[in-house]
Amino acid sequence: MKIIDAAVVAQSKFVTLFEVAYTDKKGNARHWHLVSRDAQPKCVTGAQSRPDAAIIVPYHRRENKLVVIKEYRVPIGDYQYGFPAGLLDPGEALAVTAGRELKEETGLDLVQIYRHSPAIFSSAGITDESIAMVFAEVEGSPSLHHNGDSEDIEVFLMDRQEVRDLLQRSDLFFGARAWLAMDAFARMGEAYFNNIV
């Protein structure tokens, strides 16, 4: 398998659609379409290590609760349960992005980051977008004061049983990574955050 090049098919402010030319394992010429947030896709640049975005998994220690958001997401035309998230600005440190997005989307303050993942890929069949999962302790009271006009968000502080009950609902939509983190919290509680520092 070898990447040959990538041509722009369509471009907007935040994403670009590319047609990637590559050869398969038998040397046959092939094409693949993908969406990227970069000027060139990662398969061409080799810049896979820096995440495009952060997803903050917030634990409110004082309340012993997980912070979950319900947010309207245009691609599904409905609300999705998940966590605060946002794009890293050029040159911005992951911790700075996490604190900024947490404050903007929930009104809560970042106390400390327990750990974070490396750049992991959201859906490598369609996009090279990568994220870092940031597991963090937060404090304060939820507020929507910093939400923009295009953000429709509700903030919930949930204990383990409330998270378990939420995950049992088949009539709701969840972000994939968020569902996994919520399931781990429902099973392990505070230990999910504190056992690995």
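General observations
- Under-5 Å amide H pairs with VAL138, H placed in peptide plane, nonlocal only: TYR59, HIS60, ARG61, VAL111
- Cα-based Lys proximity count in the chain, under 29 Å, for pairs eight or more positions apart or on separate chains: 11
- Heavy atoms of HIS146: accessible area, 1.4 Å probe, square angstrom to 10: 90 Å²
- Remark: the Cα gyration tensor places the range 134-197 in the oblate category, a/c being 1.5 or greater and a/b not exceeding b/c.
- Whether the range 49-177 is rounded, prolate or oblate, judged on the alpha carbon gyration tensor where a/c under 1.5 counts as rounded: rounded
- Whole-Å distance, taken between Cα centres, linking the range 113-145 and the range 1-19: 25 Å
- Mean accessible surface per residue for the chain, computed with a 1.4 Å probe while every protein chain stays in place, in Å²: 55 Å²
The values are calculated or read from the model by the stated rules, or taken from the named source; none is laboratory data. The structure presented is a predicted model; accordingly, all values stated were derived computationally and were not measured. The protein model used for the area step is the full one, side chains on, heavy atoms only, and it has no ligands, DNA or RNA in it. Shrake-Rupley method; radii C 1.70, N 1.55, O 1.52, S 1.80 Å.
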